[in-house]
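*Asks:* Handing you this structure, nothing more for now.
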Amino acid sequence: MKKTNNPFYDASLKKRHQAARRFKIFALSSLITAISFLVFFLFDMIGKGLPALQQTYVQVEVTYNDQTIKSSRKAIDKKLRKIVSRAWLRGIKKEVQNNPQLMNTTKLVWALADDQVDQYIKGHHYKLKNKDRLIVDELNRLNQVELQFNSIFFNNGDSKIPEFAGIKSALIGSILTLLVTMLVSFPIGVMTAIYLEEFADDNKFTQMIEVNINNLAAIPSILFGLLGLAIFINLFGLPRSSPLVGGLTLALMTLPIIIVTTRAALRGVPDTIRQAGYGLGLTKIQVVRDHVLPLAFPGIMTGSIIGLAQAMGETAPLIIVGMIAFIPDSPSSITQAATVMPAQIFTWAGMPERAYIEKTAMGILVLLSVLISLNTIAVYLRKKFETKW
Amino acid sequence: MKTKINVEDLNLWYGSKHALQNINIKLNKNKITALIGPSGCGKSTFLRCINRMNDLITAAKVEGKIVIDGKNIYDKDVDEVSVRKRVGMVFQQPNPFPKSIYENIAYAPIKHGLVNKGKACDKLVEKSLISAGLWDEVKDILHNPGTSLSGGQQQRLCIARTIAVEPDVILMDEPTSALDPISTEKIEALMLELKKKYTIVIVTHNMQQAARVADYTAFFHMGDLIEYDETETIFVNPKEKKTEDYITGRFG
Amino acid sequence: MLKTFERMSETIKDEVYIMGQKVVVANELSLEAITSKNVKLFSKAKNELNNISHMSNKIDNLILRALALHQPEAKDLRQMVSYLKITNEIVRAGTNTKSFIKNFSKSFHKEVDFDTIFEFSIPLQKSSIEAIKTSIELVKMYDTQEIEFSFQKVLVEENKTDDLYAMIEKALLKKLSSKVELSKYYLDILSSLRRLEKVADRAASIANLLVFAHLGGELHQA
């Protein structure tokens, strides 16, 4: 900037631009810090969790006959007993039932290895006795040890035997719970918001309700668990640990959020639309149902899905209503005992066996994927309905 | 000159503010009456009394009578919804529904039971669009969203929508203040056509618009009706000094 | 343009034309009165001009109304302002015509040499009529070329009247000096003929204003 002949020269500009630059750098570094926390977390989880996608299998001879079916640990060589998974051996009976030809044969099959062998192969801390380790090394040399895709993780429920533990029952439990939550909180929440926004008079009573709903959204979630315990389990006598109770409790928790976001979406509809409707001689119901709601719908959708995604990750209230129990089998109805993914992760994190570490991490990754996809659906739905207006 | 709307001793309070003070005025049938005055003088408030839109505001309290076709619209046995069917309103900001052009016009008549879906409805939509001078421009795009039209077209769509419910009176609250001069001219020409069938009351802060289109003009100031006369008298020989000061730009 | 203003504009134009035509007809009747020696036509001519002031007021009020209600601009504004001034000019032309008729009828005396007079006065009257007639026709014209052509014609005729009047003035003053007892009559005739020349002046004014209205420029006294 030349001083002479330049009508646009301003002496204070240099300092102002510098201050702006400093502010920009500060904001950028905050962003980088936040992102690096996130990246570190993801890397850690992925690093710990990915190995869980694979399980060690050993190729050994398995004998199928009456004796081994009754006493499965006799189906393999004695020295391999610490190496092959006991739980897998118990599955021999079912295998023969499905495939009767196997009866009275001895086959070379890929058997699930014990969790300590798995840990050894994956390079983690292990508790194998020396002789067992030597056997594994020998098998490895003969290429009879392999890492295969861990379908067990996605097909089984929880188990005290680490190599047999899976996330399926928790996943189903989560889905059932969420369904109950959605079916209860969405209609009630949206209707409440519509009443408060469009029909209620603007008096002290309504204002008090509004303040209280906003406060409810900020209450620690564990208190909702106590509420659920007191009302649903003690008063109504609903089955403990069931997705029904869990869903209802989470519904109570999600309700304020849905009400608040729906009200915001309704407020976002320009008042001119309502005025046009009333000006044509339409009744309030006609205006709200046919003109305001369709416009508010994207906002309602987004708010609800975000509320539900939050509910999916809640653990504390569900612990109080009992969903922390050990649930090996997937629930088949909403009144059976179940657990949810966050609770499952919590349980695994507290197990002594090292093998659970990777399962915990993998569980976290599965939960994260579900949450991210829910949020993506929310974004997609919002975009899809927004273009209409 | 027949009276269509007879306003007697109309008073309105917004909370404690006395917004309209003892308004007495006879609005004539099939004529255009313009309400002019500075900002905040109560002309829009008065307009919104004629179709009871002020009932939607809880803080508004109305006293007095507005008699249309022999019946006071503020009587206890008159439903405000039915008033608004006979007295339509066009707003300052064009506000078509976020639906197709066809549905914008068809929705209210169907709800009022004037037509059923199908051929009768198609005819009504066509008739309304022709009356609003919009048919030629949109007859091939009836299923496009109403919001895809230009500002002037949107306002004519709103006018078509209003006349589709077959009102007697059309109220217009500054209908062209958000539009460009060409669109404004089109709508003013439209008003001159529409007055053959409807009684029109228009609020405008643009005096020249009142001069161009209105048969009668009413000048409001601070909630009072100062002068009401034929437009030519108001603009050439106003009787009240306040009127003259406003018209000549001495204030407001 | 709104239809209401269009109608107002047309009405004003028509009324101005009608008013102007009255002056034209009055002049034509007075010419006929002289050429066919029919004195009754003089009173018919005067009757044509009876309501001229009334018509002028009516048109002026219409113009006032148009200005108040429609705030015309550009060509529309020029037209309104021109017509406002033209009504004045037409009234004055009418007054001039009436004066001509009055003074000329006063001057009938058998000793006055009307032959010489008519030699000049009839062409003067004809020119004057041509001028005022063409200028009133300008009210209804739209084509630029036509307007310019007619405008030139009016100016030409107006010049002719000036020349003719100068010649008559010379001739009559000579006659005056030779026959002093007839001087009153000759002076009456001279002043009445002067009125005809004034009608042509008014015609030129009107033509100027109409050219301003159609083509633009500045308003100025002709």
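*Asks:* If we scan the stretch A:284-301, do we find a residue that is among the charged types (D, E, K, R), farther than 30 Å from B:R86 by Cα and either in contact (Cβ under 8 Å) with a residue 40 or more places away in the chain or within 14 Å of another protein chain (Cβ to nearest Cβ) (or both)?
*Replies:* Looking for residues that are among the charged types (D, E, K, R), farther than 30 Å from B:R86 by Cα and either in contact (Cβ under 8 Å) with a residue 40 or more places away in the chain or within 14 Å of another protein chain (Cβ to nearest Cβ) (or both), one finds none in the stretch A:284-301, hence no.
*Asks:* Can you pull out every residue in the stretch A:332-349 that is surrounded by fewer than 24 Cβ atoms within 10 Å (Cβ to Cβ), touching a helix residue (DSSP H, G or I) at 6+ places or on another chain (Cβ under 7 Å) and among the hydroxyl-bearing types (S, T, Y)?
*Replies:* Passing the criteria: only A:T335.
*Asks:* Let me ask another. Can you confirm whether the stretch A:257-270 contains a residue that is under 30 Å from B:N54 (Cα atoms), part of a loop (DSSP other than H, G, I, E, B) and touching a residue at least 12 places away in the same chain (Cβ under 8 Å)?
*Replies:* Checked the stretch A:257-270: at least one residue is under 30 Å from B:N54 (Cα atoms), part of a loop (DSSP other than H, G, I, E, B) and touching a residue at least 12 places away in the same chain (Cβ under 8 Å).
*Asks:* Moving on. Would it be correct to say that A:L80 is modelled with pLDDT of 85 or more and either crowded, with 20+ Cβ neighbours inside 10 Å or among the hydrophobic types (A, V, I, L, M, F, W, C) (or both)?
*Replies:* In short, no.
*Asks:* Restricting attention to helices (runs of 4 or more DSSP H) lying wholly within the stretch B:163-252, give those where 1 or more residues are surrounded by fewer than 20 Cβ atoms within 10 Å (Cβ to Cβ) and of a type in the set (V, I, T).
*Replies:* Output list reads B:181-194, B:231-236.
*Asks:* Six or more apart or on different chains, Cβ under 7 Å: which pairs go from a residue in the stretch A:204-223 that's assigned by TED's automatic domain parsing to the domain that holds A:I324 to one that's in a loop (DSSP other than H, G, I, E, B) and of a type outside the set (V, I, T)? Could you list them?
*Replies:* Qualifying pairs under 7 Å: A:T206/A:A200; A:S221/A:E314.
*Asks:* What number goes with the only condition from (1) crowded, with 18+ Cβ neighbours inside 10 Å; (2) small (G, A, S); (3) within 12 Å of chain A (Cβ to nearest Cβ) that B:G152 does not pass?
*Replies:* For B:G152, the exception is condition (3).
*Asks:* Please indicate, with yes or no, whether at least one residue in the stretch A:331-346 is within 14 Å of chain B (Cβ to nearest Cβ) and either of a type in the set (D, E, K, R) or over 30 Å from A:A193 (Cβ atoms) (or both).
*Replies:* So far as the stretch A:331-346 goes, no, none of its residues is within 14 Å of chain B (Cβ to nearest Cβ) and either of a type in the set (D, E, K, R) or over 30 Å from A:A193 (Cβ atoms) (or both).
*Asks:* Quick one: is A:D115 on the phi < 0 side of the Ramachandran plot, in the same structural domain as A:E138 (by TED's automatic domain parsing) and surrounded by 18 or more Cβ atoms within 10 Å (Cβ to Cβ)?
*Replies:* Yes.
*Asks:* With respect to A:M362, is the statement that it is in a loop (DSSP other than H, G, I, E, B), surrounded by 19 or more Cβ atoms within 10 Å (Cβ to Cβ) and not aromatic (F, W, Y) true?
*Replies:* Spelling it out, it is not the case that A:M362 is in a loop (DSSP other than H, G, I, E, B), surrounded by 19 or more Cβ atoms within 10 Å (Cβ to Cβ) and not aromatic (F, W, Y).
*Asks:* Within the stretch C:12-48, restricting attention to residues that are among the aliphatic types (A, V, I, L, M) and under 12 Å from the mean Cα position of the chain (by Cα), which residue is nearest to C:H109 (Cα to Cα)?
*Replies:* C:A26
*Asks:* Output the number of residues of the stretch C:88-122 satisfying the condition of being within 20 Å of the chain's Cα centre (by Cα) and either among the aliphatic types (A, V, I, L, M) or over 16 Å from C:K170 (Cα atoms) (or both).
*Replies:* Selection size over the stretch C:88-122: 19.
*Asks:* (1) among the hydrophobic types (A, V, I, L, M, F, W, C); (2) away from chain B (no Cβ under 14 Å); (3) not in a loop (DSSP other than H, G, I, E, B): which one isn't true of C:F108, the others all being true?
*Replies:* Single failed check for C:F108: (3).
*Asks:* With the checklist (1) exposed (fewer than 15 other Cβ atoms within 10 Å of the Cβ); (2) within 14 Å of chain B (Cβ to nearest Cβ); (3) touching a residue at least 60 places away in the same chain (Cβ under 8 Å) in hand, flag the one item C:F5 doesn't pass.
*Replies:* Only one criterion in (1) exposed (fewer than 15 other Cβ atoms within 10 Å of the Cβ); (2) within 14 Å of chain B (Cβ to nearest Cβ); (3) touching a residue at least 60 places away in the same chain (Cβ under 8 Å) is unmet by C:F5, namely (1).
*Asks:* What do you reckon, is B:E188 of a type in the set (D, E), on the phi < 0 side of the Ramachandran plot, away from chain C (no Cβ under 14 Å) and touching a residue at least 12 places away in the same chain (Cβ under 8 Å)?
*Replies:* No: the conditions fail for B:E188.
*Asks:* Name, by its number, the condition in (1) within 14 Å of chain B (Cβ to nearest Cβ); (2) of a type in the set (V, I, T); (3) within 19 Å of A:L171 (Cβ to Cβ) that does not hold for A:I273.
*Replies:* All conditions are met except number (3).
*Asks:* With the condition being more than 10 Å from every other protein chain (Cβ to nearest Cβ) and in contact with a Leu (Cβ under 9 Å, 6 or more places away or on another chain), I'd like the helices (runs of 4 or more DSSP H) fully within the stretch B:21-123 carrying at least 3 qualifying residues.
*Replies:* Counting at least 3 such residues, we get B:43-50, B:101-111.
*Asks:* While we're here: Checking C:E15 against (1) within 14 Å of chain B (Cβ to nearest Cβ); (2) in a helix (DSSP H, G or I): exactly one of these is not met. Which one?
*Replies:* Going through the list (1) within 14 Å of chain B (Cβ to nearest Cβ); (2) in a helix (DSSP H, G or I), C:E15 breaks only (1).
*Asks:* Out of the residues in the stretch B:85-102 meeting the condition of being out of contact with any Ser or Thr (no Cβ under 8 Å at 6 or more places or on another chain) and either buried (at least 24 other Cβ atoms within 10 Å of the Cβ) or without any contact (Cβ under 8 Å) to a residue 40 or more places away in the chain (or both), tell me which one is farthest from A:A296 (Cα to Cα).
*Replies:* Checked the stretch B:85-102; the qualifying residue farthest from A:A296 (Cα to Cα) is B:V87.
*Asks:* Here is a further query. Within the stretch C:115-132, can one find any residue that is more than 23 Å from C:Y186 (Cα to Cα), in a helix (DSSP H, G or I) and modelled with pLDDT under 90?
*Replies:* Within the stretch C:115-132, none of the residues are more than 23 Å from C:Y186 (Cα to Cα), in a helix (DSSP H, G or I) and modelled with pLDDT under 90.
*Asks:* Do you know which of the residues in the stretch C:51-72 that are small (G, A, S), in contact (Cβ under 8 Å) with a residue 12 or more places away in the chain and surrounded by 16 or more Cβ atoms within 10 Å (Cβ to Cβ) is farthest from the other protein chains (Cβ to nearest Cβ)?
*Replies:* Filtering first and then ranking leaves C:S56.
*Asks:* Looking only at the stretch B:198-228, count how many residues are within 14 Å of chain C (Cβ to nearest Cβ) and either more than 19 Å from the chain's Cα centre (by Cα) or at positive phi (or both).
*Replies:* Selection size over the stretch B:198-228: 0.
*Asks:* Against the condition on the phi < 0 side of the Ramachandran plot, surrounded by fewer than 20 Cβ atoms within 10 Å (Cβ to Cβ), within 14 Å of chain B (Cβ to nearest Cβ) and of a type outside the set (S, T, N, Q), how does A:P220 come out, does it pass?
*Replies:* Against the criterion (on the phi < 0 side of the Ramachandran plot, surrounded by fewer than 20 Cβ atoms within 10 Å (Cβ to Cβ), within 14 Å of chain B (Cβ to nearest Cβ) and of a type outside the set (S, T, N, Q)), A:P220 does not qualify.
*Asks:* Name, by its number, the condition in (1) within 30 Å of A:T262 (Cα to Cα); (2) in contact (Cβ under 8 Å) with a residue 40 or more places away in the chain; (3) assigned to a loop (DSSP other than H, G, I, E, B) that does not hold for A:G281.
*Replies:* (2)
*Asks:* Let me ask something else about it. Identify all residues within the stretch B:103-121 that are surrounded by fewer than 15 Cβ atoms within 10 Å (Cβ to Cβ) and in contact with a helix residue (DSSP H, G or I) (Cβ under 8 Å, 6 or more places away or on another chain); write none if there are none.
*Replies:* Within the stretch B:103-121, B:N116, B:K117 meet the criteria.
The values are calculated or read from the model by the stated rules, or taken from the named source; none is laboratory data. All values derive from a computational prediction rather than experimental measurement. Here Cβ is always computed from backbone atoms with ideal geometry, including for glycine, and neighbour counts include all displayed protein chains.
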